[in-house]
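In what follows, a single structure is set out as structure tokens and then discussed.
The values are calculated or read from the model by the stated rules, or taken from the named source; none is laboratory data. Just so it is clear, the structure is predicted and the values come from calculations on it, not from any experiment. Because the Cβ atoms are built from the backbone with ideal geometry, glycine has one as well, and the counts that use them run over all protein chains shown.
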């Protein structure tokens, strides 16, 4: 299972562990201690050769490059000391693009994947595939509702919140006019809820 930072919550990780489901989740500011530990691990790694890298050509000739570094030793410490269930490996991914004025991005991940079972190229492929999802629905949710900063401590609440937010985004998408921002659609719904609900009834 791959997911954005909203999924990197202990209650969900416990459920995945008990059901023997592997995960690869990005870590952001909603888990500050974990994020800081991972950053500290990879602080000086950029002088080292990555364990895997990939190139992909996008529109207008732009070339995207990803480089991957992996650590399992400090992942064990993060698992026990910071109580991150079943964390067996941590990843650092550097993303760059050949376009002008596009800054490199560094992304950090926790994972239950065992490095004895997975090749670095396979892990990088998983992360790259998740990126295509991130650029779609998750990107919209994070920009519109700042989802990545949410922290939910109650067991099961994260999954319910995500389901509700997914449905809200889908409904607003149905009501969207051309490339209208979702915030503008939400504002129209608040101003004239009865009219919007009647229109929505015709759409579905």
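Which one of 76, 49, 36 is assigned to a helix (DSSP H, G or I) and more than 19 Å from residue 113 (Cα to Cα)?
Unique residue meeting the criteria: 36.
Is it fair to say residue 62 is assigned by TED's automatic domain parsing to the domain that holds residue 125 and either at pLDDT 95 or above or under 20 Å from the mean Cα position of the chain (by Cα) (or both)?
So residue 62 fails the test.
Looking at region 71-90, is at least one residue assigned by TED's automatic domain parsing to the domain that holds residue 119 and under 15 Å from residue 128 (Cβ atoms)?
For region 71-90, residues assigned by TED's automatic domain parsing to the domain that holds residue 119 and under 15 Å from residue 128 (Cβ atoms): absent.
Can you pull out every residue in region 65-81 that is over 19 Å from residue 106 (Cα atoms) and over 20 Å from the mean Cα position of the chain (by Cα)?
Within region 65-81, 73, 76, 77, 80, 81 qualify.
Answer with yes or no whether residue 107 is modelled with pLDDT of 95 or more, surrounded by 15 or more Cβ atoms within 10 Å (Cβ to Cβ) and within 19 Å of residue 28 (Cα to Cα).
No; evaluated as a whole, the condition is false for this residue.
Could you tell me which residue of region 31-44 is nearest to residue 128 (Cα to Cα), considering only residues that are surrounded by 19 or more Cβ atoms within 10 Å (Cβ to Cβ) and within 17 Å of the chain's Cα centre (by Cα)?
Within region 31-44, the match that is nearest to residue 128 (Cα to Cα) is 38.
For region 7-23, state whether one or more residues are modelled with pLDDT under 90 and within 16 Å of residue 106 (Cβ to Cβ).
No, every residue in region 7-23 fails to be modelled with pLDDT under 90 and within 16 Å of residue 106 (Cβ to Cβ).
Which of the residues spanning region 85-111 are touching a strand residue (DSSP E or B) at 6+ places or on another chain (Cβ under 6 Å) and assigned to a loop (DSSP other than H, G, I, E, B)?
87, 98, 104
List every residue pair whose Cβ atoms lie under 8 Å apart, where the two residues are 6 or more positions apart in sequence or sit on different chains, the first residue falls within region 184-197 and is closer than 15 Å to residue 174 by Cβ, and the second residue, located anywhere, is assigned to a helix (DSSP H, G or I) and modelled with pLDDT of 80 or more.
Every condition considered, the pairs that remain are 196/188; 196/189.
Does at least one position in region 5-19 carry a residue that is closer than 22 Å to residue 118 by Cα, more than 15 Å from the chain's Cα centre (by Cα) and not in a helix (DSSP H, G or I)?
Yes; the residues of region 5-19 include at least one that is closer than 22 Å to residue 118 by Cα, more than 15 Å from the chain's Cα centre (by Cα) and not in a helix (DSSP H, G or I).
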